[in-house]
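Colleague: Just passing along the structure, written as structure tokens.
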Amino acid sequence: MNWKTMVMAAGLGAAMTLGSAAIATAASTSTVLKAIDPDKDGTVDLNEARAAATALFDRLDKDHDGTLDRKELRGRVSAKDFAAADPDHDGTLTKDEYLSLVVQRFKAADPDNDGTLDAKELKSVARLLK
């Protein structure tokens, strides 16, 4: 699973800032959905999003210290979002802090509050990340 796919899984996510054009098309939304929907029900639930975000966190944590700093995130999180996700202001995001951001973005992308993101809602992630 590539970075953009996992980020979109996070509602991303949560998903974390990336080129929103990459997730705005139907083709890429379909690709993302397939990659992060292990039960193939056509939706991503919060557990699936958290699993993808956890795997992404682990991959981005190059120094294996259990945190992500701005360098490891390589500009994928805006300064404002990073500051909001870093309540202890230590300049890093723990996995819990990172997943909290993922949950926040997931919920923002789920306006019908059914606990899942379908293809249409995944496209809305692009608007959240602009």
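To keep it simple, each residue is scored yes or no on (1) loosely packed, with under 15 Cβ neighbours inside 10 Å; (2) closer than 21 Å to ASP41 by Cα.
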{"residue": "ALA83", "(1), (2)": "yes, no"}
{"residue": "PRO87", "(1), (2)": "yes, no"}
{"residue": "THR94", "(1), (2)": "no, no"}
{"residue": "SER100", "(1), (2)": "no, no"}
{"residue": "ASP112", "(1), (2)": "yes, yes"}
{"residue": "LYS120", "(1), (2)": "yes, yes"}
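Colleague: Looking at the range 85-94, is at least one residue assigned to a helix (DSSP H, G or I) and either at pLDDT below 95 or touching a strand residue (DSSP E or B) at 6+ places or on another chain (Cβ under 6 Å) (or both)?
Modeller: Yes, that holds for at least one residue.
Colleague: Further, regarding this structure: Name the pairs whose Cβ atoms lie under 9 Å apart, with the first residue in the range 79-98 and in contact (Cβ under 8 Å) with a residue 40 or more places away in the chain, the second among the polar types (S, T, N, Q) and surrounded by 11 or more Cβ atoms within 10 Å (Cβ to Cβ), and 6 or more positions between them or separate chains?
Modeller: ASP81/THR17; LYS95/THR54; LYS95/THR67; TYR98/THR54; TYR98/THR67
Colleague: Moving on to the next point. Taking GLU121, is it within 16 Å of LEU56 (Cα to Cα), of a type outside the set (Lys, Arg), without any contact (Cβ under 8 Å) to a residue 24 or more places away in the chain and in contact with a Ser or Thr (Cβ under 9 Å, 6 or more places away or on another chain)?
Modeller: So GLU121 fails the test.
Colleague: Sticking with this structure for a sec: Within the range 63-76, work out how many residues are assigned to a loop (DSSP other than H, G, I, E, B) and at pLDDT 95 or above.
Modeller: Here the count works out to 4.
Colleague: On to the next question. Among (1) surrounded by fewer than 18 Cβ atoms within 10 Å (Cβ to Cβ); (2) modelled with pLDDT of 90 or more; (3) within 30 Å of ASP112 (Cβ to Cβ), there is one condition ALA79 misses while meeting the rest; what is its number?
Modeller: The number of the failed condition is (3).
Colleague: Moving on to the next point. Among ALA27, ALA49, ALA21, ALA35, which is the only one that is part of a helix (DSSP H, G or I) and at pLDDT 85 or above?
Modeller: That would be ALA49, the only listed residue that is part of a helix (DSSP H, G or I) and at pLDDT 85 or above.
Colleague: Another one. Out of THR54, THR31, THR43, report the one residue that is free of Cβ contacts under 8 Å to residues at least 40 places away in the same chain and among the hydroxyl-bearing types (Ser, Thr, Tyr).
Modeller: THR31
The values are calculated or read from the model by the stated rules, or taken from the named source; none is laboratory data. Note that the coordinates shown come from a computational prediction; the quantities given were computed from them, not determined experimentally. Here the Cβ is made from the backbone with ideal geometry for all residues, glycine too, and neighbour counts use every protein chain on show.
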